[in-house]
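See structure below.
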Amino acid sequence: MIRLFVPHDLAPGATLALDEGQSRYLSAVMRQAVGDAVAVFNGRDGEWRATVAAVGKRAVSLTALSQTRR
């Protein structure tokens, strides 16, 4: 599973809008599509499981689901 640092606060159901670089990495390099699982962390809220909610030309958004590590 891909692990990605995000600056956003993490909570169940939170929508995470990625910056252009992270969006390009997930969509073009790692070829992630809507519904794919990603692990995200921010250094404050632990690690969370998230899914790709939307993939656009320059923007990807994720939805945080549940905490997997403290």
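Taking the residues in segment 9-25 that are surrounded by 10 or more Cβ atoms within 10 Å (Cβ to Cβ) and free of Cβ contacts under 8 Å to residues at least 40 places away in the same chain as candidates, determine which candidate is nearest to Gly46 (Cα to Cα). Checked segment 9-25; the qualifying residue nearest to Gly46 (Cα to Cα) is Asp9. Exactly one residue among Ala28, Ala64 is in a strand (DSSP E or B), open to solvent by less than 70 Å² (accessible area, probe 1.4 Å) and among the hydrophobic types (A, V, I, L, M, F, W, C), and that residue is Ala64. Which residue out of Ala54, Ala64 is in contact with a Pro (Cβ under 7 Å, 6 or more places away or on another chain) and more than 13 Å from Arg3 (Cβ to Cβ)? Of the residues listed, the single one that is in contact with a Pro (Cβ under 7 Å, 6 or more places away or on another chain) and more than 13 Å from Arg3 (Cβ to Cβ) is Ala64.
The values are calculated or read from the model by the stated rules, or taken from the named source; none is laboratory data. As the structure is a prediction and not an experimental result, all values here were calculated from the model. So basically every Cβ, Gly included, is an ideal-geometry build from the backbone, and we count neighbours across all protein chains shown. Heads up: the accessible areas ignore ligands, DNA and RNA and are worked out on the full protein's heavy atoms, side chains in. Shrake-Rupley method; radii C 1.70, N 1.55, O 1.52, S 1.80 Å.
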